[in-house]
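First the structure, in the form of structure tokens, and then the observations on it.
What follows draws every value from the coordinates through simple rules; no lab data is involved. Computed from a predicted model, the values in this text were never measured in an experiment. Reconstructed Cβ throughout: ideal geometry from the backbone, glycine too, with neighbour counts over all protein chains shown.
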């Protein structure tokens, strides 16, 4: 194969840069077990559950933002509209980010993806008798 015809080569500004394909050693390959999310049916179910949870969090967030704005607005305060926009964005972004991260934790735990991780540092403690 000619230099530059490899799929690992990049053509940029008239020059060719080839990158060697990384080799996986035997100890790394032994650690990487097949994930339950590799099964298309299980992945489809898990991601559908995640999207359903995110839709619920979106509705809950909209409700909480509406309640917070209703409680803060009194009609007579000198607060500008920017104050209410900042409150709505702050509460909304925080709740949606927390919901997304917790949803990913539930997705990972619920599918058995967490059990596939092998801890190489886990060893039997030495006998200290």
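One decimal place: the segment residue 74-residue 109 gains 8.2 nm when fully extended, by the rule 0.36 nm per residue minus the C-alpha distance. Using the Cα coordinates of segment 46-101, the gyration tensor eigenvalues translate into equivalent-ellipsoid semi-axes of 29, 10, 6 Å, sorted from longest to shortest.
Computed from the C-beta positions of residue 102 and residue 82 and an R0 of 25 Å, the FRET efficiency is 0.25 to the nearest 0.05. I'd like the FRET efficiency for residue 35 and residue 62, computed as 1/(1 + (r/R0)^6) with the beta carbon distance as r and R0 of 41 Å, rounded to 0.05. Efficiency at R0 = 41 Å is approximately 0.75.
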